[in-house]
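Notes follow the structure.
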């Protein structure tokens, strides 16, 4: 066996079907497209979702719900996270910049403080929104919960 006589095993490869190359090819005439109809014409493309005339899925399934364009999405921060910040970094004033620096939010987020966890120290918190339990917990410890204007 030499490099010049290497070939694939017999029957392992097929020759390409040469369509529309005359009657002698066996694929002349209609070029395997059948007679007449849109699919036999050049430039034909089927619509996405077309199911051969059957009622398409997107029309069989009922519509429901809506997307509220006025919805505000808040990034939530729990009191337990604030307590961790106070313990680790010895912070007494928590605002958006502090939360961004410590990875709790990004600059375009609206921030809501939630009351999950326990707050031990006095802290001034400024955020876009507070849950009632969070506000109560902050103010019970002598801190202030300020809603950013």
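Points worth noting:
- Candidates 67, 47, filtered to the one that is closer than 30 Å to residue 20 by Cβ, at pLDDT below 95 and under 29 Å from the mean Cα position of the chain (by Cα): 47
- Condition check for residue 116: outside any strand (DSSP E or B) and touching a strand residue (DSSP E or B) at 6+ places or on another chain (Cβ under 6 Å): yes
- In segment 124-142, the qualifying residues are those that are assigned to a loop (DSSP other than H, G, I, E, B) and out of contact with any strand residue (DSSP E or B) (no Cβ under 6 Å at 6 or more places or on another chain), and the one that is surrounded by the fewest Cβ atoms within 10 Å (Cβ to Cβ) is 142.
- Residue pairs meeting the criteria (Cβ under 8 Å; at least 6 apart or on separate chains; first on the phi > 0 side of the Ramachandran plot and surrounded by fewer than 17 Cβ atoms within 10 Å (Cβ to Cβ), in segment 92-120; second modelled with pLDDT of 90 or more and not in a loop (DSSP other than H, G, I, E, B)): 117/78; 117/79; 117/80; 117/81; 117/82; 117/83
- Any hit, segment 55-71, residues being surrounded by 12 or more Cβ atoms within 10 Å (Cβ to Cβ) and closer than 30 Å to residue 130 by Cα: no
- Test result for residue 100, at pLDDT below 90, out of contact with any strand residue (DSSP E or B) (no Cβ under 8 Å at 6 or more places or on another chain) and within 30 Å of residue 140 (Cα to Cα): no
The values are calculated or read from the model by the stated rules, or taken from the named source; none is laboratory data. Model, not experiment: these values are computed from the prediction. Here Cβ is always computed from backbone atoms with ideal geometry, including for glycine, and neighbour counts include all displayed protein chains.
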